[in-house]
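Throughout, read-outs are computed from the coordinates displayed, never taken from laboratory work. Keep in mind it's a predicted model, so treat the numbers as computed, not measured. Because the Cβ atoms are built from the backbone with ideal geometry, glycine has one as well, and the counts that use them run over all protein chains shown.
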Amino acid sequence: MFKLILLNIYIQHLPTNQMQILLDTNFILTCVKQKIDFPEIINQCTTEPVEWLLPQDVLNELGNLKDRPHMKVPDKQAATLSFQILQTINPKIINLPGKNPNIDIKIVNYILDKPIVLATLDKNLKSRVANKILTIRGKKNLELL
């Protein structure tokens, strides 16, 4: 119940009719590992439609993790389950512009001056954007900063 109240407070202050949330690799994997049903929590906290944005680079990163030969079994399972969850939320696959191999820089450039919520746990990435941030607080709660 606490996670719903916390998100409701913040979501009420978002200015658009449709909430766009861009998913980062570490957010997806950590939600899977900690059994946080992020789509369900967000849907319970808002009446606005949510458009999930998934960079092709993040999708590629998840695929590489899933197929990496010397990965720990729980990490491989989390990457595999991530694909199943992503299929259920039907995210809009986006191509991040730029030739920089650093995905974080491409994400920063893409969301700059756009009302997109960034779902990430990356402290460095969080500090480089002025956008709202969806993150995990504690073990099971989501927080929108």
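If you check residue 43 against the conditions, is it assigned to a helix (DSSP H, G or I) and either touching a Gly at 6+ places or on another chain (Cβ under 9 Å) or more than 17 Å from residue 102 (Cα to Cα) (or both)? Show your work before the answer.
On the way: assigned to a helix (DSSP H, G or I): yes; either touching a Gly at 6+ places or on another chain (Cβ under 9 Å) or more than 17 Å from residue 102 (Cα to Cα) (or both): yes.
Spelling it out, residue 43 is indeed assigned to a helix (DSSP H, G or I) and either touching a Gly at 6+ places or on another chain (Cβ under 9 Å) or more than 17 Å from residue 102 (Cα to Cα) (or both).
I need every pair where a residue in the stretch 108-126 that is closer than 13 Å to residue 55 by Cα has its Cβ under 8 Å from the Cβ of a residue that is of a type in the set (A, V, I, L, M, F, W, C) and part of a loop (DSSP other than H, G, I, E, B), sequence separation at least 6 or different chains.
From residues that are closer than 13 Å to residue 55 by Cα, the pairs are 108/129; 109/96; 110/96; 111/129; 118/129.
Given the structure, is residue 76 basic (Lys, Arg) and part of a helix (DSSP H, G or I)?
Judged against the criteria, residue 76 is a match.
Being farther than 27 Å from residue 101 by Cα and of a type in the set (A, V, I, L, M) is the filter here, so list the residues in the stretch 46-81 that pass it.
If the condition is that a residue be farther than 27 Å from residue 101 by Cα and of a type in the set (A, V, I, L, M), then 50, 73 are the ones that fit.
Within the stretch 111-141, take every residue that is under 12 Å from the mean Cα position of the chain (by Cα) and among the hydrophobic types (A, V, I, L, M, F, W, C) and give me the one that is farthest from residue 96 (Cα to Cα).
136
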